[in-house]
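The values are calculated or read from the model by the stated rules, or taken from the named source; none is laboratory data. As the structure is a prediction and not an experimental result, all values here were calculated from the model. Cβ atoms come from the backbone with ideal geometry, glycine included; neighbour counts cover every protein chain shown.
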Amino acid sequence: MQGRSRGPVPSRILSLRRVERRIAEGTDAMKTLLLIAGLCAIVPQAMGGENPVTRAQTLPTCGPFVHLEWYFPQSPAGFTPVSCDQTGGLPVWEWGPSTYIQSPFPNMWGTVLNGDYPNNSGQGLLSPPFQVTQEMYALAVTHTVLTEATYDGGNAKVNGQVLDLIGGYPGIISASPSYYAFCVDGQLGFTGEIVWQDSCFDLTPYQGQTIQVEFDFGSDSSVTYPGWYIASVRVEGDIPSTPVSSSTWGEIKSKYR
């Protein structure tokens, strides 16, 4: 078996990003999420107004309304590392701060926060259970990935089935018969380099069900990189037909203080 060597780690330059999301409370309101190196802030913005910050790039969002959010800069949010391969796999998922990657978030879930993931790693990160209503149709994940391309990586699953990623996954993980990536071998997934961004998954097949989402990560026996880091997971979709109560609006606003 021929060995492989690690290539150069790409330089990460975080550009300013803006994620706009409409939230209903009688009339629409707009908030702008600014992701800046070393800063994470929410800035109110009037409808039709222009934010004075320059070089802002609007990222795609999965839906106009955020129904549920697990915001990892504040807490682990009830997510739990779990085994995902009966044949083995070393644990990797950790919650907390990371000085190993450039990030605008003070805390996150990551595959070894302050170092490279090990060879032969394999572990899942399981969400709390939640009900997918008819108004919910997408799972949004704010994350970054840096793995050995095509050999190591991760994906999102429900009941062992890989969730459909809107726009498609970058590739297949460890399709080579000579190497085995625990938990994700031969599956579609995130592999290689993905800068901080939102990825959107299709939840429509699960409407009316109570589900848990599992983020599985695995690597083979050679070459390691920083891995997979997740800052936020959200369930998004249509604006509810029932007006949002003042208490619910208060809960939404409290997430961004």
If you check Ser176 against the conditions, is it hydroxyl-bearing (Ser, Thr, Tyr) and at pLDDT below 95? yes
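Search segment 183-198 for residues being under 22 Å from Ser222 (Cβ atoms), surrounded by fewer than 24 Cβ atoms within 10 Å (Cβ to Cβ) and in contact (Cβ under 8 Å) with a residue 40 or more places away in the chain, and hand back the single one that is nearest to the chain's Cα centre (by Cα).
Ile194
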Picked from segment 199-241 (must be buried (at least 20 other Cβ atoms within 10 Å of the Cβ) and of a type in the set (Asp, Glu)), the residue nearest to Thr142 (Cα to Cα) is Glu236
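Residue by residue, here is whether (1) touching a residue at least 60 places away in the same chain (Cβ under 8 Å); (2) basic (Lys, Arg); (3) out of contact with any Cys (no Cβ under 8 Å at 6 or more places or on another chain) holds:
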position	(1), (2), (3)
Gly110	yes, no, yes
Gly122	yes, no, no
Leu125	yes, no, yes
Pro128	yes, no, yes
Leu139	yes, no, no
Thr147	yes, no, yes
Asn159	no, no, yes
Asp164	no, no, yes
Gly168	no, no, yes
Evaluate the following for Ala149: is it of a type outside the set (Ser, Thr, Tyr) and within 23 Å of Leu113 (Cα to Cα)? yes
Can you name the residue in segment 113-146 that is among the β-branched types (Val, Ile, Thr) and under 17 Å from the mean Cα position of the chain (by Cα) and, of all such residues, is nearest to Gly227 (Cα to Cα)? Val145
Being touching a residue at least 12 places away in the same chain (Cβ under 8 Å), surrounded by fewer than 22 Cβ atoms within 10 Å (Cβ to Cβ), in contact with a Cys (Cβ under 7 Å, 6 or more places away or on another chain) and more than 16 Å from Gly154 (Cβ to Cβ): is that true of Pro97 here? no
If only one of Ala149, Ala156 is within 13 Å of the chain's Cα centre (by Cα) and either under 20 Å from Val92 (Cα atoms) or part of a strand (DSSP E or B) (or both), which one is it? Ala156
A careful count of residues in segment 193-226 that are touching a Pro at 6+ places or on another chain (Cβ under 9 Å) and acidic (Asp, Glu) gives 2
Test set (1) surrounded by fewer than 20 Cβ atoms within 10 Å (Cβ to Cβ); (2) farther than 20 Å from Trp95 by Cα - Pro128 fails condition number: (2)
Look through Ser247, Ser241 and report the one residue that is among the polar types (S, T, N, Q), farther than 26 Å from Gly89 by Cα, outside any loop (DSSP other than H, G, I, E, B) and at pLDDT below 95. Ser247
Does Val145 satisfy the condition of being modelled with pLDDT of 95 or more, of a type in the set (Val, Ile, Thr), in contact with a Lys or Arg (Cβ under 8 Å, 6 or more places away or on another chain) and within 22 Å of Gly167 (Cβ to Cβ)? no
Please verify whether segment 49-58 includes one or more residues that are modelled with pLDDT under 95 and hydrophobic (A, V, I, L, M, F, W, C). yes
